[in-house]
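Have a look at the structure below, then the notes.
We did not get these values from a lab; they are worked out from the coordinates using the rules stated. Being a predicted model, the structure only gives us computed values, none of them experimental. FYI the Cβ positions are ideal-geometry reconstructions off the backbone, even for glycines, and counts take in every protein chain you see.
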Amino acid sequence: MNYTRLFKYLSSAMWLALSFGHTLEAQNAEVPKEIQELNASLELAVFRAIMPDDREELYYLEQGQFYLTKRKAGEPWGEINRADSVLGIYVKNHWPALRDDLVKPFRPKSKATDEVVAAQNQSAIDNSASPDHHMKKAGAIEVNSEDYSFKYVLFYRNIIVEREFNQKDIDPRWAKENLTFTFNQTLKLTEMHQIMDALFLSNLR
C-alpha cells in the first residue's frame with residue numbers, strides 16, 4: 001500500500017516537474033529576440049522597425065508601468081522613458097483581433113474605376129493632392145522606392161504576433177488609387193499603428 005502511494009506521489013511529482021519545465025521552455029521561446037536584451041520580465045511589448053530609416057521603436061509593460069525607447073538598427077536602445085498606457089490598453093482590449101488582422105497590400109484600381117471616382121469626386125481629389133500625386137501614371141500610382149515599410153512584433157500573454165506592411169497600404173493620400181484602403185482602415189492593427197505613431201511623435205521625436 002505504501003509502495004502504491006509512493007509510486008503515485010513520485011509519478012505526480014515527475015509529471016508536475018516535466019509540465020513546469022515545459023511551461024518555462026515555452027515562455028522562454030516566446031520572448032521576442034528584439035526585447036530579450038532588456039533583461040526584463042515583460043508582460044506586453046510592441047516592437048516596430050521602420051524602413052528605410054533603420055529606426056526601431058519599443059513600447060513595453062513591466063511591473064505595472066509602461067515604457068518606451070528607440071534606437072538605430074544594430075545599436076543599443078536609447079533612453080528609456082515612462083509612457084502613457086493608451087497603447088498598452090488598446091493592445092490588451094483588442095488582442096484577439098490583433099492576432100488575426102492582416103493588412104492587405106496596395107492594389108491599384110483599374111483605369112475604369114479611377115475614371116468613375118474622378119468623375120464623382122473631382123473636387124475632393126484636387127483638394128487632397130499630395131507630393132506623391134505626380135507619380136500617377138496610366139490611372140495608377142507608381143511604387144515609390146522610398147516608401148516607408150513597417151515590421152511589428154507584438155508580445156502579449158506569451159504569444160508573439162509578427163506583421164509587416166507598407167505605408168501606401170494604409171495612407172489616406174493613396175486612398176483614391178488603392179482598392180484595399182477601405183478594408184485596411186477597418187483593422188485594429190491599423191488603428192494600433194496610428195496610436196503608436198502619435199505616442200512616439202509626442203515623446204521621442
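Calculate, in nm to one decimal, what ASP197 and ASP100 gain on full extension: separation in residues at 0.36 nm each, minus their alpha carbon distance.
Fully extending the segment from ASP197 to ASP100 adds 32.8 nm.
At a Förster radius of 45 Å, what calculated FRET efficiency corresponds to the Cβ-Cβ distance of ARG82 and PHE183, to the nearest 0.05?
That pair, ARG82 with PHE183, gives E of 0.80.
Can you run phi through the Karplus equation (6.51, -1.76, 1.60; θ = phi - 60°) for segment 59-66 and list ³J(HN,Hα) in whole Hz, with x for Gly and Pro?
Here the 3J(HN,Hα) series is 10, 8, 10, 9, 6, x, 10, 8 Hz.
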